[in-house]
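Student: There's a structure below that I have some questions on.
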Amino acid sequence: MKKSNLILPIFSIALIAAGIILCFIGKAKGDVFDNTVLTEGDYIHNTDITSDLNNIVIEYSNAEINIIGGAERNYIETFNISDAEIDTSKASGITISDTSDYFSLAYDTIVHFNGIRNILFPGQSYSGNKKINIYLTGDYNITQLHVTLENGNINVSHLDSNTDYNFTIKEKGNINFEQVNTKSQTYIKVNEGNVSLKEFGCVLLEGSIQTGNLHCYEQNPGKHLYHLNCENGMVYLLSESQGSQYVVDTGSNAINIDFSVQYGNIHLNNLEKIDQTDE
């Protein structure tokens, strides 16, 4: 074979080798190939929300989720989560998940090819605590926020929207709402942990806790629509026991709460009692 015929194959092999070497260097340096950066030991990745979304879906084994209103712009900030676990390919929404199997991983690698680095490091995961912050401006509405965790906490604050909230904690964790109002519905399911509602309003709240407590802090506790049930506990209105069941069918329809606790209590308190602890 002529030497001139060998130049192109040799040059191609050299480029591929250089690319692979750069991928390994990038991995060691902390993913310099995308907008994931290393800050104080945490890998932080920002994903802009650039258009109206129908939903944000998070399915994660162990993470802290913070949904924060009143932000200057709409974006998602993830800590120690690979960008391969963030799917922005669907126009209707964003999915963040660590539950993909090998078949799904192979499919995504083929259909959503993001370069040779994803082939070299298909199962890359970052050490450190996992955290997902969703920042939303005051005038931004998402149809549904769906979060499912094995373990971890979900915190929602300072939002006034038409959003459906659908939150599930399969093992252990807490759910906290503070200064949140939605003209839609909220669904909560917790295996072990507490749910706290501070100045929270919605058309309908349906939920259950297997082991833990529900705390409601309101301007007018006991003045809304309630269907509350504690199988092995008590419902307390302003610290006074109402028995294991508490039903109000003639209250304000601004909030309709249908909630059950298997092992634990339900507390309806004034806002002034937020800093106090109920058992």
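We did not get these values from a lab; they are worked out from the coordinates using the rules stated. Just so it is clear, the structure is predicted and the values come from calculations on it, not from any experiment. Positions of Cβ are generated from backbone atoms using ideal geometry, with glycine treated the same way; all protein chains shown enter the neighbour counts.
Student: Would you mind computing, in nm to one decimal, how far apart the modelled labels at His227 and Lys183 are, each placed 7 Å from Cα along Cα→Cβ?
Tutor: So the label points at His227 and Lys183 sit 2.5 nm apart.
Student: Among 204-210, 83-89, how do they line up by average Cβ neighbours within 10 Å per residue, starting with the highest?
Tutor: Values: 204-210: 19.4, 83-89: 17.3.
Highest-to-lowest ranking by the protection proxy: 204-210, 83-89.
Student: Residues in region 192-224, backbone N under 14 Å from the label point at Asp160 (7 Å along the Cα-to-beta-carbon vector): list them, ranges by number please.
Tutor: Answer for region 192-224: 200-202.
Student: Along its three principal axes, how long is region 143-202 when you only count alpha carbons? Whole Å, largest extent first please.
Tutor: Principal-axis extents of the Cα atoms in region 143-202, largest first: 29, 21, 13 Å.
Student: If you plug each phi of region 85-92 into the Karplus form 6.51 cos²θ - 1.76 cosθ + 1.60 with θ = phi - 60°, what whole-Hz ³J(HN,Hα) values come out, in order, with x for Gly and Pro?
Tutor: Each residue's phi maps through the Karplus curve to give 8, 10, 9, 10, 6, 8, 5, 7 Hz.
Student: Could you compute how fast region 130-279 diffuses translationally, taking Rh as the Kirkwood radius over C-alpha pairs and applying Stokes-Einstein at 37 °C with viscosity 0.692 mPa s? Give it in µm² per second.
Tutor: Translational D for this selection: 213 µm²/s.
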